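Encoded as structure tokens, the structure appears first; notes follow it.
The values are calculated or read from the model by the stated rules, or taken from the named source; none is laboratory data. No experiment lies behind these values; they were computed from the predicted model shown. Neighbour counts run over all protein chains shown; Cβ positions are idealised from the backbone, glycine included. Accessible surface areas use protein heavy atoms only, side chains included; no ligands, DNA or RNA. Shrake-Rupley method; radii C 1.70, N 1.55, O 1.52, S 1.80 Å.
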Amino acid sequence: MKFLSRLRAVVGIAGAQIRTQRLRSLLAVVGICLAVLSMTLLTSLGMGVVQTGQEKFDASGRDLWVTGGPVKLAPETGGFQNSLDNSHRIADEIMARDDVATAYALGFQTVYVSPNTSEFETIIGVGAPSGGQSVTVTEGSQYTPGDPHYNGGSYDGPMTHEVIISPEAAERFDVGVNDTLYIGSTLASARQHEFRITGISPTYSNFLGSSNVVLHLSELQEVSGTTGTDTASLVTVRLQDGANPDAVAAELESTYPTLDVRTNQEQLEATLRQQAVLIAAGVALVALSIITGIALTLNLVLSLIYQQRREFAALRAQGLSVWTLVGVVGTQAFTYGLLGGLLASGLTYPLADVLNVAIQYLVGFENVVVVDQRVVLGGFAIALVIGLASAFAGSWSLARQPVTDLLDG
């Protein structure tokens, strides 16, 4: 009974202190809440990026990705620095294997696009075959099958001048099926090549998250001046049922030692490694936010102790034990952590929805921020840790000070 009475007294005094110091208590709770939110939202974003990437690779229906090296931006041209030469020949050779169902080369190139010959904008041009999982048309039709202009490597076949565009591009240029667009890697090239829109497809918008136009690979190479080297970005491979992706990848790497052959998982990991600096920055931001939350809360707790030193001294002089006062300070700090954690947990889900709307508007990807219950619980645990750390430090500071020092302060 004596213990319960003391506990009630500690909680009552702590509650009174919190109510009388509302602004400082609010700042402590908000500081902890922001620290926890930075952890939960950034962690949810990281998990969502990995999950979205995995889903995109799985949805592509591809098993292997063959490149001549990383696909990078080329600042001198404003486009992509593709590294896979002789792409048609390599795709045909891979396609000839018994364990391969399909293999085709893809090219990505920044191109100038305009519905007239005066107002050009740059978007991504994709060189790809038509039909199947390569390009799924939701309005209109596929363009001419095959790659007529390639003509076995001579690039003297007829240009179809047909293009499939993304819904974003259709809205951006206010065009539809059977309208025309001027497309090229330079303004001069674009003015010379007028393409008829045969269909509208969201296929590459789902992967690239931006407006795009899809042409035959050879025609994209023609308007970008890369027919001499037959340059593309990569060759995608779908295996026959039952084929082992790791085994086939090893065999292809042996056959083509200068090329990189990756499975879906390896391609995703390689993509994430390219963002190592960004990931490290996110982790550092989370750590800094937690440290800042601890520092802010600790500073406020010590400030409260200093401002209430005479009250604490009076209570000590009346016979209240130092451990009771330690309990009061500890209860205050723990309450800040508890309230901050509850507030952050409640705000994580709606703020994640807001971030998803913003991300979809900016880059086109949906539901990138994926909130896992374990992340929310982890954030709440961190809030309690911040509160406990502040409680320990504040209590230690109070316990070390004699009554005379508190009265003289």
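When residue 341 is tested against (1) open to solvent by 60 Å² or more (accessible area, probe 1.4 Å); (2) part of a helix (DSSP H, G or I); (3) at pLDDT 70 or above, just one condition goes unmet, and that condition is (1). Among residues of region 107-123 that are touching a residue at least 24 places away in the same chain (Cβ under 8 Å), those with a beta-carbon under 8 Å from a residue that is open to solvent by 60 Å² or more (accessible area, probe 1.4 Å) and in a loop (DSSP other than H, G, I, E, B) at least six positions away or on a different chain give the pairs 110/77; 112/186; 115/174; 115/179. Could you list, in sequence order, the residues of region 353-381 that are assigned to a helix (DSSP H, G or I), at pLDDT 80 or above and not small (Gly, Ala, Ser)? Result: 353, 354, 355, 356, 357, 373, 374, 375, 376, 377, 380. For region 156-196, filtered to residues that are farther than 18 Å from residue 117 by Cα and hydroxyl-bearing (Ser, Thr, Tyr), the residue that is least open to solvent (accessible area, probe 1.4 Å) is 166.
Against the list (1) at pLDDT below 75; (2) within 27 Å of residue 48 (Cβ to Cβ), the condition residue 302 fails is (2). Summed over region 155-175, residues that are of a type in the set (D, E, K, R) and within 26 Å of the chain's Cα centre (by Cα) total 3. For region 198-217, name all the residues that are touching a Ser or Thr at 6+ places or on another chain (Cβ under 7 Å) and aliphatic (A, V, I, L, M). 200, 214 - these are the residues of region 198-217 that are touching a Ser or Thr at 6+ places or on another chain (Cβ under 7 Å) and aliphatic (A, V, I, L, M).
Candidates in region 14-67 are the residues that are at pLDDT 70 or above, open to solvent by less than 40 Å² (accessible area, probe 1.4 Å) and of a type in the set (Val, Ile, Thr); of these, the one that is farthest from residue 100 (Cα to Cα) is 29.
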